[in-house]
Amino acid sequence: MDERHHDQIAKWERRWIAASGLMSLVFVILIAYNLATEGGHIAQVAARGTPETLLSREIFAEPGLRITGPGQAQVSIVAQAFNFVPERIRIPVDTEVTFYLTSRDVIHGWQVVNTNLNVEVIPGEISVLRYTFTRPGTYLTVCNQYCGIGHQNMLGEIEVVSASDFARVDDDDAMVADVVDGAQLYAANCASCHGPAGAGIAGAFPPLAGHAAELAEQSRPYLIDSLLYGLQGQIVVRGTTYNGVMPAWGQLSDDEIAAVLDHIVELGGPSVEPFEADEVAAERGKGWSPSDVLEFRRQVIGQ
Ligand code: HEC
Ligand SMILES: [Cu+2]
């Protein structure tokens, strides 16, 4: 080998070293620019435990927004297959918000589009982070961790409004707060799995349209229990086998359970007497597991 070749190689080596050095510099500048303009928003772990113990904490008893002082608020959000509770949050602009996030079931993501908020929401952990929205507008929130068959439907919204709009809208809400809307509860809690019209997905989520009314004819307590305590194990609906997990909805009030049941029995099938809150209350406190509900289903409905 003569010297000439060595020089040639050394020249290219120097160029590549310079190029990779330059690239690292660009990355560092981008990170520094982002930190300087947006600030770092890295979630901290506030608590660990089982999902049940974390969800029984006061902050998650009624998830959503709480104004804690002038220019300060708290927002708690529960992620679950396949939605965020609450789905929609209204926040006054220029308010320092402390977000508390946890998951009821599997790992989810919570990314607020057009901001640098991006949290991995882990069952058994409460993640905390602070953020101040300085521009009014509607921000989309998405789950960015694949969490199951309804993952792509796992969307939410943060509406950032001026202080005066916030006060006004809050009054409007107070006026309608007492009206429990079964269709709305269904859309927010059930549609991601059972479909917007209750058609289900063959083999994954049983249909409710028509089927729920048939179940109610056979056993109203069963239908209530399936919501209060969930359902797990093999069932057959209209010749199709399902072997999934239906989460428990005991966190909904008696009125809300009755309203959502009225909605699903009205999706089709035989006509059914409206459900009463008392009827739901009578089924509470049995402390059943989803497998107990399956056992009960075998007795009153069949396979
Ligand atoms: C995460 C997905 C998911 C969500 C959300 C969900 N379900 Fe289910 N549901 C299921 C699965 C899966 C089953 C079947 C369970 C099994 O295979 O044992 C089921 C079963 C049921 C059954 C019993 C059907 C039968 O034949 O016994 C009813 C009733 C029901 N769901 C109603 C609802 C209502 C009402 C909501 C909203 C409050 C809801 N579900 C939310 C997944 C879901
Ligand atoms: Cu998810």
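The values are calculated or read from the model by the stated rules, or taken from the named source; none is laboratory data. Since this is a predicted model, take the numbers as computed values, not measurements. Cβ coordinates were reconstructed from backbone atoms using ideal geometry, including for glycine residues, and neighbour counts include every protein chain displayed. Heavy atoms of the whole protein, side chains included, go into the accessibility calculation; ligands, DNA and RNA do not. Shrake-Rupley method; radii C 1.70, N 1.55, O 1.52, S 1.80 Å.
Using amide H atoms built in the peptide plane, which far-off residues or other-chain residues are under 5 Å from Thr132 H to H?
Amide H neighbours of Thr132: Val97.
Per the 1.4 Å probe, what fraction of the accessible area of the chain, in percent, lies on carbon and sulfur atoms?
Carbon plus sulfur share of accessible area: 54 percent.
What accessible area per residue comes out for region 119-249, rounded to a whole number of Å², with a 1.4 Å probe?
About 47 Å² of surface per residue is accessible.
Quick query: amide H of Arg90 versus all other amide H atoms, modeled in the peptide plane; which residues come in under 5 Å with a sequence gap of 5 or more or a different chain?
HN-HN under 5 Å from Arg90: Glu159.
Comparing Ile235, Ile264, Ile29, which has the greatest mean-square fluctuation in the GNM of the chain with Cα pairs linked when under 10 Å apart?
Ile29
Quick one: which residues, 5+ away or cross-chain, put their amide H under 5 Å from the amide H of Leu117? H built at 1.01 Å from N.
Here Val112 satisfy the definition.
Hey, what number do you get for the chain at 222 nm if only DSSP H runs of n ≥ 4 count, each worth -39500 (n - 2.57), divided across all residues, to the nearest 500?
So the calculated ellipticity at 222 nm is -12000 deg cm²/dmol.
So how far, in whole Å, is the C-alpha centre of region 265-303 from the one of region 1-61?
Cα centres, region 265-303 to region 1-61: 53 Å.
Rounded, prolate or oblate: which fits region 210-277 when a ≥ b ≥ c are the square roots of the eigenvalues of the alpha-carbon gyration tensor, with rounded for a/c under 1.5 and prolate only if a/b beats b/c?
oblate
Report for the chain the percent antiparallel among DSSP-assigned beta bridges with both residues inside it, nearest 5.
In the chain, DSSP labels about 75 percent of beta bridges as antiparallel.
Quick one: among Ala79, Ala212, Ala19, which has the greatest mean-square fluctuation in a GNM of the chain with alpha-carbon springs under 10 angstrom?
Judging by the Gaussian network model, the answer is Ala19.
Would you kindly derive the ³J(HN,Hα) couplings of region 128-144 from the backbone phi angles with the Karplus curve 6.51 cos²θ - 1.76 cosθ + 1.60 (θ = phi - 60°), listing them in order in whole Hz, with x for Gly and Pro?
10, 8, 10, 7, 10, 7, 9, 10, x, x, 10, 10, 7, 10, 10, 7, 10
What are the principal axis extents of the Cα atoms in region 182-300, in Å, biggest first?
So the three principal-axis extents are 33, 28, 25 Å.
Taking θ = phi - 60°, what integer Hz values does the Karplus form 6.51 cos²θ - 1.76 cosθ + 1.60 yield along region 69-79, in sequence order, with x for Gly and Pro?
x, x, x, 9, 8, 10, 10, 10, 9, 10, 9
Using the Karplus curve 6.51 cos²θ - 1.76 cosθ + 1.60 with θ = phi - 60°, what ³J(HN,Hα) values do you get for each residue of region 242-247, in whole Hz, with x for Gly and Pro?
3J(HN,Hα) across region 242-247, in whole Hz: 10, 9, x, 10, 9, x.
Whole number please: convex hull volume per residue of the Cα set in the chain, in Å³?
Roughly 195 Å³ of hull volume per residue.
Quick one: among Asp225, Asp105, Asp165, which has the greatest mean-square fluctuation in a GNM of the chain with alpha-carbon springs under 10 angstrom?
Largest GNM mean-square fluctuation: Asp165.
Taking all pairs of distinct Cα atoms, average 1/r, flip it, and tell me the Kirkwood hydrodynamic radius of region 44-176 in Å to one decimal place.
Final number for the Kirkwood radius of region 44-176 is 15.0 Å.
Can you tell me the FRET efficiency between Ala19 and Asn118 if r is taken as the Cβ-Cβ distance and R0 is 30 Å, rounded to the nearest 0.05?
Using R0 = 30 Å, I get an efficiency of 0.50.
In Å and whole numbers, how far do the C-alpha atoms of region 121-269 stretch along each principal axis, longest first?
Dimensions of region 121-269 along the principal axes of its Cα atoms: 54, 36, 26 Å.
For region 1-70, report the convex hull volume of the alpha-carbon atoms normalised per residue, in Å³, without decimals.
Hull volume normalised by residue count: 168 Å³.
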